[in-house]
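Just below is one structure, and these are the notes that go with it.
The values are calculated or read from the model by the stated rules, or taken from the named source; none is laboratory data. Treat the numbers as computed from the prediction; the structure is a model and nothing was measured. Neighbour counts are summed over all protein chains in view; Cβ atoms, including those assigned to glycine, are modelled from backbone coordinates with ideal geometry.
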Ligand SMILES: [Zn+2]
């Protein structure tokens, strides 16, 4: 990592870049037309740069894949990863505050926090709940999701990373939405599909819009 540059790539942006570089590499297998290769590279390069605003010249240069040799993809991605940052570390107290209504809240293993995460997710298997914590514009928000049993042979698609898998990988969950209305019938919940393995989900997620939309909905924010 260069001294004068700091981490400027968010985890999901890194996942996006990696996904496109691997896609590009796959597309090139067996393609001998140098023009097609160059044009496609240029296109992917634009796509990657377009997800960022206010890049410095050095940052732009680092992200420039136009000269990337397919043989050096892994090395390049490892170098790029040094400029990636995940969500800030959080404390047990912060988590407890987020889930005040949860009785006997099982806390996550916070030692794994230094891994770069889009969100922090963990499961309390004894009560079949999956917890999610996310840093939205500097403010921590969370949701508790009940894992549903649905006995289906159908595959589900994770709402966050679009991974498709069977019920041991992607589960149907539901979360109770907070509401300003405390009257009778104010209860509202939403259902969606979510990866059970948050670590893997964090490696796949390339956009945060869906995650933020669900969290806003559950937390009654707008
Ligand atoms: Zn997922």
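Before moving on, here are some points about what is shown:
- Counted residues, region 117-172 - those being away from the ligand (no atom under 12 Å from the Cβ), closer than 17 Å to residue 199 by Cβ, without any contact (Cβ under 8 Å) to a residue 40 or more places away in the chain and assigned to a strand (DSSP E or B): 2
- Any hit, region 178-188, residues being away from the ligand (no atom under 16 Å from the Cβ), closer than 17 Å to residue 102 by Cα and in contact (Cβ under 8 Å) with a residue 40 or more places away in the chain: yes
- Counted residues, region 142-158 - those being at negative phi and surrounded by fewer than 18 Cβ atoms within 10 Å (Cβ to Cβ): 9
- Test: residue in region 199-214 that is assigned to a strand (DSSP E or B), under 14 Å from the mean Cα position of the chain (by Cα), within 12 Å of the ligand (Cβ to nearest atom) and in contact (Cβ under 8 Å) with a residue 24 or more places away in the chain: no
- For residue 31, the criteria (1) within 23 Å of residue 207 (Cβ to Cβ); (2) assigned to a loop (DSSP other than H, G, I, E, B) hold in every case but one, which is (1).
- Residue match in region 22-38 (condition: assigned by TED's automatic domain parsing to the domain that holds residue 79 and under 15 Å from residue 85 (Cα atoms)): no
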